[in-house]
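Enquirer: Provided herewith is a single structure, encoded as C-alpha cells, for subsequent inquiry.
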Amino acid sequence: MLLILASIILVVLPIAILLILSVLGKTRETAFLSHSKNNVDVTFPKYFLWGSATASQQIEHLQNTDWTAFIIKSLSEKQNNAPNKDKEEAAYVEGIAQFPEHIIRKTANFDERYEDDLQAAAQMGHNAFRFSFCWARLFPKSGMHSPCQKGIDFYQKILDSMKSNHLKPCATIFHFSSPLWFWEADAQGKRGWERNDALHHFEIYVSTLITHFGSQIDFWCTLNEPTTYVYLGYMDGRFPPNEKRTDMKQTGYIIATLVRAHALCYRLLKKHAKAHNRDIQVGYTKHIRLFEPYHNHNPLDRITAAKIEQSFIWDWMDAIHSGILKVTGTKLKIAIPEAQHTIDYIGVNYYGRFYIKSHLLTPTHYEVLENDPNDTQEEVNDIGWCLYPLGFRTSLQHIAKRYGQLPIYVLENGVADHADDDKLRQALLWTHLRELGLAIQEDGLDVRGYFHWALTDNFEWASGFDARFGLISVDYKQNFHRTARPSAKIFSSIITSGITKENWQAAKTKYNIID
C-alpha cells in the first residue's frame, strides 16, 4: 500500500507543481496589434505634446566625457589593431573605425546645424523638443566652482532657437554621459556615482542649470533610463565604465544613489519654481520593454521573465513611489524617504520586447533574445530588436494601473532603419501611434505627449553610427547633409489629422501589417 501511495505521489506531485507554476509569471502574447472595439478614427488631445528626442552626447560635438574617452579608445584600438588577450570580453563602439576622428568628434554636428534642425522640426508640426544638457560642457575640468561661460552661451542659443520656432523645451539633466573627471578615484578609491562626493558634484551641476535656465524651462526629466545605465555600464559592460559585476548588491547601491540624485533634482527644481511662482513638471523617463517567455509552456521561462521585468522596470519606479528600494534577487532593502512621491509624471521610452529562454539545469544562466529566430513574420530592426506595437499599449496600461494618479509622457519611441525609403519606421509610426491613440480613447489613459527617437541620425552609443534612428538622415561623409525620410511626412500627417479609418486600412495594405 505504501509503495502504491509513493508511486502515485511521484507521478502526481511533478504534475501538480507544473500546474501551479504554469499560472505564475509572464505569458507570451501571439497578437501583434490590439483590436479596437470599433473601427474608429484615432485622434489625440488638443494640447498634446508632439516632438522628437535627442541627447547631447549623441548629437553635439564631443566634450570631455566618459563616453568620449570610450569612443576615442575604441577608435584607436580598432585603427591600430591593438592586440587584446581578452578580445571576446573587450567593449568597443561598433563600426567606429569607418569614420575619421574629425567627423566622429562632431557626431551629428548639431552645434553648427541646430537652427536648421529645430526649424525642420517646427515645419514638421512638432510643438516640443526633448534635449539634454551636457554636464561636461558646463564643467569640463575638476574643481571648477562656476560653469564654463561658453557652455552656458551655447545652451542659451539652443533655447532661444526653440523659442523662435515655438518648440517647448523638454530638458533632460542626466542622459548617460558624465565628465571624465567624475571618474577619477576619490580618497577611498571610488569612481563615478560611487564616489562619496558624487551627489555634491551633481548638485552643483543641477543648481547651475536652475540658475541659468530655470526660468525658461517648465518640463524637466531628471534621469534617462537609470536602470539601463546601470545594467549596460556595470553588469553587461557595453557602456562606460565597461564593468561586468555579478554582485547585485553592488549595483543595487548604485541604483540607490541614482534614486537620491533624482530626488535631489526634484527638490531643487521645485524649490526654485515655488520661489518664482512658476508651475513646472519634474519626472524621469524609464526604459519600458516587455520581457516575455520564449516558450509559454516552460514555467521557468515565465517565472524568469517576470523576475527580470520586476528588476529592470518596477524596482526603480516602486522606489520613487514608496521611498524604499527593494532589489529583486537580493535581500537588499534601502530606505530612501526623501525620494517618496518626487514625481509629477512618468516618462516612458518604449522599444519592443525581448524573450527569456531559460535552461532547467542552469536556471540562473538564462538567455535574453532580442527577437525570435523562428518567427519569420516578426518585424526586426537593423540592430536586431523586434517591433511589438501591442506591447506599447499594454505597457501603458500596466503603468497606469500601478501609478494611475500620474500623467504619462512617451519620451522615446523609434526604430533603427537606415533605408532612404524607411518603410519599417513608417510602419512603426502607424502601428504604435494607433496603439497610443487607442490607449487614450478606449482605455482612458492620461498620456500627454509623444516624442519620436530621433529627429536626426546620431551616434547611437555602443552601436556607433550604423544604427540610424532619424526621421532625418545624416550623410556623415558629405558635410553632415540632412535629408528628410518619408517617415517624417507621415509623422507630420498624424500630428495634423490623427489616424482615420481610411488611412489606417491603406497603411495596413501598404506595409503588410498583420493583426
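Enquirer: Confirm whether LEU258 is touching a helix residue (DSSP H, G or I) at 6+ places or on another chain (Cβ under 6 Å) and closer than 30 Å to THR364 by Cβ. Spell out the reasoning first.
Expert: Details: touching a helix residue (DSSP H, G or I) at 6+ places or on another chain (Cβ under 6 Å): yes; closer than 30 Å to THR364 by Cβ: yes.
So LEU258 fits the description; yes.
Enquirer: What are the residues in the stretch 398-408 that are open to solvent by 20 Å² or more (accessible area, probe 1.4 Å) and in contact with a helix residue (DSSP H, G or I) (Cβ under 7 Å, 6 or more places away or on another chain), if any?
Expert: none
Enquirer: Tally time: how many residues in the stretch 130-144 are part of a loop (DSSP other than H, G, I, E, B) and in contact (Cβ under 8 Å) with a residue 40 or more places away in the chain? Break it down into steps so the answer makes sense when it comes.
Expert: Residues of the stretch 130-144 that are part of a loop (DSSP other than H, G, I, E, B), as a first pass: 133-134, 139-144.
Remaining after also requiring in contact (Cβ under 8 Å) with a residue 40 or more places away in the chain: 133-134, 139-142.
Number of matching residues: 6.
Enquirer: Whether any residue in the stretch 179-191 is under 20 Å from THR68 (Cα atoms), among the aromatic types (Phe, Trp, Tyr), over 24 Å from the mean Cα position of the chain (by Cα) and surrounded by 15 or more Cβ atoms within 10 Å (Cβ to Cβ) is what I want to check. Reasoning before the result, please.
Expert: Filtering the stretch 179-191 down to residues under 20 Å from THR68 (Cα atoms) leaves 179-185, 191.
Filter again for among the aromatic types (Phe, Trp, Tyr), leaving 181-183.
If we keep only those that are over 24 Å from the mean Cα position of the chain (by Cα) too, we end up with 181.
In the following step, the residues that additionally are surrounded by 15 or more Cβ atoms within 10 Å (Cβ to Cβ) were identified as 181.
Among the residues of the stretch 179-191, at least one is under 20 Å from THR68 (Cα atoms), among the aromatic types (Phe, Trp, Tyr), over 24 Å from the mean Cα position of the chain (by Cα) and surrounded by 15 or more Cβ atoms within 10 Å (Cβ to Cβ), which makes the answer yes.
Enquirer: Okay, moving on. Collect the residues in the stretch 308-351 that are open to solvent by less than 10 Å² (accessible area, probe 1.4 Å) and either small (Gly, Ala, Ser) or assigned to a helix (DSSP H, G or I) (or both), keeping them in residue-number order.
Expert: Across the stretch 308-351, the qualifying residues are ILE313, TRP316, MET317, ALA319, ILE320, GLY323, ALA339, GLY347.
Enquirer: May I pose another question? Out of all the residues in the stretch 287-307, which are in contact with a Gly (Cβ under 8 Å, 6 or more places away or on another chain) and in a helix (DSSP H, G or I)?
Expert: In the first step, residues of the stretch 287-307 are kept if they are in contact with a Gly (Cβ under 8 Å, 6 or more places away or on another chain); the result is 289-290, 293, 299, 301-307.
Correct list: PRO299, ASP301, ARG302, ILE303, THR304, ALA305, ALA306, LYS307.
Enquirer: Now a separate question. When the residues of the stretch 220-241 are filtered to those that are open to solvent by less than 10 Å² (accessible area, probe 1.4 Å) and among the aromatic types (Phe, Trp, Tyr), which remaining residue is nearest to the chain's Cα centre (by Cα)?
Expert: Of everything passing the filter in the stretch 220-241, TYR229 is nearest to the chain's Cα centre (by Cα).
Each row is one residue, and each column tells you yes or no for (1) outside any helix (DSSP H, G or I); (2) within 25 Å of TYR266 (Cβ to Cβ).
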residue	(1), (2)
SER146	yes, yes
ILE152	no, yes
ALA171	yes, yes
PHE176	yes, yes
ALA185	yes, no
GLN188	yes, no
HIS201	no, yes
VAL206	no, yes
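Enquirer: Under 6 Å between Cβ atoms, at least 6 apart or on separate chains: pull out the pairs that start in the stretch 178-199 with a residue that is among the small types (Gly, Ala, Ser) and end on any residue that is open to solvent by 80 Å² or more (accessible area, probe 1.4 Å) and not in a helix (DSSP H, G or I).
Expert: Once the first residue is among the small types (Gly, Ala, Ser) and sits in the stretch 178-199, its partners that are open to solvent by 80 Å² or more (accessible area, probe 1.4 Å) and not in a helix (DSSP H, G or I) give ALA185/ARG191.
Enquirer: What are the residues in the stretch 312-364 that are of a type in the set (Gly, Ala, Ser) and touching a residue at least 60 places away in the same chain (Cβ under 8 Å), if any?
Expert: Of the stretch 312-364, the ones of a type in the set (Gly, Ala, Ser) are 319, 322-323, 329, 335, 339, 347, 352, 358.
Of everything in the stretch 312-364, those that are of a type in the set (Gly, Ala, Ser) and touching a residue at least 60 places away in the same chain (Cβ under 8 Å) turn out to be ALA319, GLY329, ALA339, GLY347, GLY352, SER358.
Enquirer: Read through the list (1) open to solvent by 50 Å² or more (accessible area, probe 1.4 Å); (2) within 30 Å of LEU49 (Cα to Cα), then give the number of the only condition that PHE202 fails.
Expert: It fails just one condition, (1).
Enquirer: So, one more: For the stretch 466-497, name all the residues that are open to solvent by less than 10 Å² (accessible area, probe 1.4 Å), among the small types (Gly, Ala, Ser) and touching a Ser or Thr at 6+ places or on another chain (Cβ under 9 Å).
Expert: Selection gives GLY470 alone.
Enquirer: While we're on this one: All but one of (1) more than 20 Å from the chain's Cα centre (by Cα); (2) under 28 Å from LEU424 (Cα atoms); (3) polar (S, T, N, Q) hold for SER322; which doesn't?
Expert: Condition (2) is where SER322 drops out.
Enquirer: Would you mind telling me which numbered condition in (1) on the phi < 0 side of the Ramachandran plot; (2) exposed (fewer than 15 other Cβ atoms within 10 Å of the Cβ); (3) out of contact with any helix residue (DSSP H, G or I) (no Cβ under 7 Å at 6 or more places or on another chain) GLN79 fails?
Expert: Single failed check for GLN79: (3).
Enquirer: If PHE491 satisfies all but one of (1) touching a helix residue (DSSP H, G or I) at 6+ places or on another chain (Cβ under 6 Å); (2) over 21 Å from GLY51 (Cα atoms), what's the number of the condition it fails?
Expert: PHE491 satisfies every listed condition except (2).
Enquirer: To continue, here is another question. Given the criteria modelled with pLDDT of 95 or more and outside any helix (DSSP H, G or I), does VAL40 qualify?
Expert: Details: modelled with pLDDT of 95 or more: no; outside any helix (DSSP H, G or I): yes.
So VAL40 fails the test.
Enquirer: With the condition kept exactly as written, say whether any residue in the stretch 270-286 is hydroxyl-bearing (Ser, Thr, Tyr), open to solvent by 10 Å² or more (accessible area, probe 1.4 Å) and not in a helix (DSSP H, G or I).
Expert: Our first condition is that a residue be hydroxyl-bearing (Ser, Thr, Tyr); within the stretch 270-286, this holds for 284-285.
Cutting the leftovers down to open to solvent by 10 Å² or more (accessible area, probe 1.4 Å) gives us none.
Within the stretch 270-286 (the criterion being hydroxyl-bearing (Ser, Thr, Tyr), open to solvent by 10 Å² or more (accessible area, probe 1.4 Å) and not in a helix (DSSP H, G or I)), the answer is no, since none of the residues qualifies.
Enquirer: Shifting gears a bit: What are the residues in the stretch 418-452 that are open to solvent by 50 Å² or more (accessible area, probe 1.4 Å) and of a type in the set (Phe, Trp, Tyr), if any?
Expert: None; the set is empty.
Enquirer: Considering only residues that are crowded, with 18+ Cβ neighbours inside 10 Å and either at pLDDT below 95 or of a type outside the set (A, V, I, L, M) (or both), which ones fall in the stretch 98-131?
Expert: The answer is LYS106, THR107, ASN109, PHE110, ARG113, TYR114, ASP117, HIS126, PHE129, ARG130, PHE131.
Enquirer: Please go through the stretch 498-510 and pick out each residue that is assigned to a helix (DSSP H, G or I) and either open to solvent by less than 40 Å² (accessible area, probe 1.4 Å) or under 22 Å from ASP421 (Cβ atoms) (or both). Before you say what the answer is, go through the steps one by one.
Expert: So the first thing to find is which residues in the stretch 498-510 are assigned to a helix (DSSP H, G or I), and the list is 501-510.
Within the stretch 498-510, ASN503, TRP504, GLN505, ALA506, ALA507, LYS508, THR509, LYS510 qualify.
Enquirer: Residues of the stretch 242-269 being open to solvent by 10 Å² or more (accessible area, probe 1.4 Å), under 22 Å from the mean Cα position of the chain (by Cα) and farther than 30 Å from LYS73 by Cα, which ones?
Expert: ARG260, LEU264, TYR266
Enquirer: I'd like to check which strands (runs of 3 or more DSSP E) are fully inside the stretch 381-495 and have at least 2 residues that are farther than 26 Å from ALA31 by Cα and either modelled with pLDDT of 95 or more or of a type in the set (D, E, K, R) (or both).
Expert: Working: elements: 408-413, 447-452, 472-475, 481-484.
So the answer is 472-475, 481-484.
Enquirer: Report, by residue number, each residue of the stretch 352-380 that is among the aromatic types (Phe, Trp, Tyr) and part of a strand (DSSP E or B). Spell out the reasoning first.
Expert: Of the residues in the stretch 352-380, the ones among the aromatic types (Phe, Trp, Tyr) are 354-355, 366.
Result: PHE354, TYR355.
Enquirer: Can you name the number of the only condition in (1) polar (S, T, N, Q); (2) over 25 Å from the mean Cα position of the chain (by Cα); (3) modelled with pLDDT under 95 that SER34 fails?
Expert: (2)
The values are calculated or read from the model by the stated rules, or taken from the named source; none is laboratory data. Please read these numbers as outputs of a predicted model, since none were measured by experiment. Positions of Cβ are generated from backbone atoms using ideal geometry, with glycine treated the same way; all protein chains shown enter the neighbour counts. Accessible surface is based on the protein model in full, side chains and every heavy atom, while ligands, DNA and RNA are left aside. Shrake-Rupley method; radii C 1.70, N 1.55, O 1.52, S 1.80 Å.
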